[in-house]
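Taking it in order: structure first as structure tokens, then the write-up.
The values are calculated or read from the model by the stated rules, or taken from the named source; none is laboratory data. What you see is a predicted model; the values in this text were computed from it and never measured. Here Cβ is always computed from backbone atoms with ideal geometry, including for glycine, and neighbour counts include all displayed protein chains. Just the protein is used for accessible areas: all its heavy atoms, side chains included, with ligands, DNA and RNA removed. Shrake-Rupley method; radii C 1.70, N 1.55, O 1.52, S 1.80 Å.
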Amino acid sequence: MNRPRLLFIDDEEINRSNFQQTFADEYEILLAGSGEEALEIMVRESNLALILSDQRMPGISGAEVLALARKVAPQAERIMITGYSEPDDIMAAINQGQVYRYILKPWTSEELRIAIIHAVERHQLKQENHALLLALEKKNAELEEPVRARTMELKNLQSLLPICSYCRKIRDDKNAWHGLEEYLLRHTDILFTHGICPHCYDKAIAENMLLLDELNSKGE
């Protein structure tokens, strides 16, 4: 089983070394000496379970790094480590980075280990919930597909009109037959205007006019 991946950010090499030696046997450790380097790692690496950052660093502060981490690696939990107890620093970490918790330096290995365990468990629980949600959405989609297909089938059946092949009358749901115009007037908002298509004109009117012309010529 893959070990959870932790990203530790601190501009002091001794602190990075201590963290590596303390937790390397339990977790996969990634180290960054600045906020800028940490952001590059977040973009490059995936499946970070936890990001821990010192607050006071040259350039980007820890609160700013963790705030950016919310967008770059939103799945990772965030812990602030700071040697300063000023309320402004703590509030910046909470408001900007929405940290899971903060730890005051100098940290002890046991205190930090407990915080990491809880944060990693929180991350894993979120991942499991997300996976379950995706599985549920997939299952719902699979169940909805037959219903959608049956609904479409019923709509298609409802759109079929039984019509006589000879007289063109339409049968309604009570098994009664109606002329096409009568049926449409009853069941739709269609209004009719009457005219003669060229085909019917040639077949009916033009033929009758020829007959009439022949009769008139004979009468003369």
What pairs come up if the first residue lies in the stretch 181-203 and is over 16 Å from residue 162 (Cα atoms), the second is open to solvent by less than 100 Å² (accessible area, probe 1.4 Å), and their beta carbons are under 7 Å apart, counting only those six or more places apart or on different chains?
190/184; 192/181; 196/205
Any residue in the stretch 86-103 that is in contact with an Asp or Glu (Cβ under 8 Å, 6 or more places away or on another chain), at pLDDT below 85 and open to solvent by 30 Å² or more (accessible area, probe 1.4 Å)?
yes
